[in-house]
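What follows is calculated from the coordinates using simple rules that are stated; it is not laboratory data. All figures in this text were calculated on a predicted structure; none of them were measured in a lab. All Cβ positions, glycine included, derive from the backbone under ideal geometry; neighbour counts span all protein chains shown.
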Amino acid sequence: MSVFDRGFLFADAVYEVTAVIEGALVDFDAHQRRLERSLGELGIEFDGSAVDLRAIHRELLARNQLDEGLIYLQLTRGCADRSFVRPETATPSLVLFTQSMSLIDHADARRGLRVVTRPDLRWHRRDIKTTQLLYPSLMKSEAVAAGVDDVWMTEGGYVTEASSSNAHILTTDGRLITRPLSNDILHGITRAAVLEYARESGVTVEERPFTPAEALTAKEAFNTSATAFVTPVIELDGQAIGEGQPGEATARLRELYIDQSRARLTR
Ligand code: PLP
């Protein structure tokens, strides 16, 4: 990568992380659609018809003999002399790599996460999956240094999302509450899939913002992301959520998500 790459100098870049299980891709088409949307919102011109991203993903899986883990993809606007005015023409830089890791059998899913609230000071286009990840990275690092696992960021008194996942609660009468889509949060691919599967299995879903106080009255809470799937959240700001341990409803949703994903893999 050139030091003049705008991804390096301005975080003028978008990315996707796609989970891999059984050597195949989870929710691949949805990740590609979000990638196209992110590129469109930033006006990065990438000719998707000239590059077969699916073939590149397949080749990477094969060359790395990846059975379980992730594929990271980053597309930057490309190189130009350093200027706040973006170049009119540039050739996007495309980088992909794989990471082998255990996703299905994960300690976080067994133990549950302890989170703390922090103000959401990110920019207001969180729906675009850019590589501007400094704030959530610093917040998560602080949380881990303080002996917990992650943050739930808040704005105007309501939870937006976690550092790199969407946040949800389950009420004592079984409803799933999650913040609606807007520019305030990333439109999580896992969130969308989990909501679809939950609705199909009869769970009532309410897309509305919730406060940390409401989360503390919830029966269970969980985060969703491509690599964490559905991961229980058991503690918020030092107080237990529900019984303070991973609950059955979250475990069922995790299982449902994994089963449905397995049935729809892109090979
Ligand atoms: N929210 C943020 C801020 C994220 O960074 C991520 C994933 O990286 C998510 C939510 C979850 O999105 P997805 O389910 O598409 O991985």
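Quick notes on this one:
- For the range 176-185, backbone phi angles converted through the Karplus equation (6.51, -1.76, 1.60; θ = phi - 60°) give residue-by-residue couplings of 9, 10, 8, 4, x, 5, 6, 6, 6, 9 Hz, Gly and Pro being listed as x.
- For the range 78-152, chymotrypsin sites (Phe, Trp or Tyr not before Pro) meeting the loop criterion (DSSP other than H, G, I, E, B) and having at most 15 other Cβ atoms within 10 Å: 84, 123.
- Cα pair count fraction exceeding 22 Å, expressed as % - the chain: 58 percent
- Under Karplus coefficients 6.51, -1.76 and 1.60, residue-wise ³J(HN,Hα) of the range 188-195 in Hz, glycine/proline x: x, 5, 5, 3, 4, 5, 4, 4
- The 3J(HN,Hα) values that the Karplus relation (6.51, -1.76, 1.60; θ = phi - 60°) gives for the range 166-173 are, in residue order, 8, 10, 9, 10, 10, 6, 4, 9 Hz. Gly and Pro appear as x.
- Close amide H pairs (under 5 Å, H built 1.01 Å from N) link residue 154 with 118, 120, 160, residues at least 5 positions away or on another chain.
- Angle in degrees between helix 53-63 and the longest Cα principal axis of the chain, rounded to the nearest 10: 80 degrees
- Restricting the calculation to Cα atoms, the range 14-55 yields a radius of gyration followed by a Dmax of 11.3, 35 Å.
- Over all pairs of different C-alpha atoms in the range 1-116, the reciprocal of the mean inverse distance, the Kirkwood hydrodynamic radius, equals 15.8 Å.
- Here, P(r) means the percent of Cα pairs in each 5 Å bin from 0 to the largest distance; for the range 160-267 it is 2, 12, 25, 26, 20, 9, 3, 1, 0.
- When the P(r) of the range 130-221 is calculated, the portion above 15 Å amounts to 62% of the C-alpha pairs.
- Separation of the residue 117 and residue 138 label points, Cα + 7 Å toward Cβ, nm: 2.1 nm
- Long-range tail of P(r) for the range 134-184 (Cα pairs > 12 Å, %): 69 percent
- Each listed q (0.22, 0.23 Å⁻¹) maps to a log10 I(q)/I(0) for the range 182-245, found by the Debye formula over equal Cα scatterers with no solvent: -1.13, -1.19.
- Distance histogram for the range 90-183 (every C-alpha pair counted, 5 angstrom bins, percent rounded to whole numbers): 2, 10, 17, 20, 20, 16, 9, 4, 1, 0, 0
- Degrees between helix 134-145 axis and first principal axis of the chain (Cα, 0 to 90, nearest 10): 40 degrees
- Subtracting the Cα-Cα distance of residue 63 and residue 47 from their residue separation scaled by 0.36 nm leaves 3.3 nm.
- Sequence-distant contacts, meaning Cα pairs under 8 Å at least 6 residues apart, place the relative contact order of the range 6-100 at 37 percent.
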